[in-house]
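Asks: Would you mind keeping the following structure in view while I ask a few things?
Any read-out appearing in this document is the output of simple, stated calculations on the displayed coordinates, not a laboratory observation. Predicted, not measured: the structure shown is a model, and the values here were computed from it. So basically every Cβ, Gly included, is an ideal-geometry build from the backbone, and we count neighbours across all protein chains shown.
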Amino acid sequence: MKQKNTLIVLLLIFATSFAACKKDATSLKSQLIGKWNVSKIIGPDLVSIKVTGNDYFSFSSNNDDQLERSLNGETRVGSYIVVSNTFNMSFSEANYYCTNVVISATSLQFDGKNDKTNKTSTYYLTR
């Protein structure tokens, strides 16, 4: 009987540890990671902001949560943090509070509010 209980306990430990190591593919952070190309940005007052074919956001997967943004040939490095189903981006010139996040495997859309100007732009990104 003791061997049977030991075997059951070992199987439970194995199953628990295997499930704990499962890759997280559903969290917002795991979906953000990687390079996103900018399709368009709609600024305040519904004005379209000019983007080039080389504009992108690149979310890193390291523990520093580094973010690289390239817009109109100007590249900036900052950081990002995911809070529930929203995220914040921090660059030297401003912080952006990103809400209304809609994400799939190939597209990302969000509203980014600049904390310095208090203005919101809508970003459309693709992979």
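Asks: Holding the Cα-Cα limit at 23 Å, pick out from K35/K113; K40/K119; K35/K119; K29/K50 the pairs that are longer than that.
Replies: K35/K119; K29/K50
Asks: A follow-up question, please. Along segment 75-82, what does the Karplus equation 6.51 cos²θ - 1.76 cosθ + 1.60 (θ = phi - 60°) give for ³J(HN,Hα), rounded to whole Hz, x for Gly and Pro?
Replies: Karplus values, whole Hz, x for Gly and Pro: 9, 10, 10, x, 9, 9, 9, 9.
Asks: In a shell of Cβ-Cβ distance under 11 Å around W36, excluding W36 itself, what net charge do Lys and Arg (+1) and Asp and Glu (-1) give?
Replies: +1
Asks: Taking the Cα centre of segment 25-126 as origin, work out the dipole magnitude from +1 charges on Lys and Arg Cβ and -1 charges on Asp and Glu Cβ, in debye rounded to 20.
Replies: Dipole of segment 25-126, to the nearest 20 debye: 140 debye.
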